[in-house]
Amino acid sequence: MIENEKQIEKKYNIWIWVLSIIIPIAVAILFTVKIPGVERMGFLPPIYATINAITAALLVLAVIMIKRGKRNAHELFMKSAITLSVIFLVLYVIYHMTSDSTPFGGEGTIRSIYFFLLISHIILSIVVIPFVLITYVRAISGNFKMHKKIARITFPLWLYVAVTGVIVYFMISPYY
């Protein structure tokens, strides 16, 4: 790695770890806050589920583009996926600040499947934050060898989070 790449990555490392800690804590705290006088925003879950689906599609398209050597298209899809993930997070927090959690009404095996998907989705949505940020910083710093190395981990984690978000939405949606 050339010196400039190291300097760029070092500059961002503190922000990566700060954001990786602050985002989950802030989301957890905001879940306990209800905005007084604001009606339940029940229209948001299908919107943020759609955002998750689009994010998943963008991630797959980004991989296809880089494998075809289309770096600019790859970069555009990845920046779009990051932007949509931020929008998702904002809408998700707003929904939970205006609405009580919806209990899952399924029983038996489907209940176990739902909670497995939900819990793994939540845990990996926290785990993936530093991976996405590190992968992005390695790309913008021009450290493509290390970018590619970590992207092989980041991609399946992020894709799993995006896809399970959609699945969890469809499983809980009859109970809204």
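The numbers here are math on the coordinates, done by the rules we state, and not lab data. All figures in this text were calculated on a predicted structure; none of them were measured in a lab.
Remarks
- In angstrom, the C-alpha Rg and Dmax of region 73-176 are 16.1, 50.
- Enclosed volume per residue, in Å³, of the convex hull spanned by Cα atoms of region 65-118: 99
- Calculated log₁₀ intensity ratio I(q)/I(0) where the Debye formula runs over C-alpha points of the chain, q = 0.10, 0.14 Å⁻¹: -0.44, -0.82
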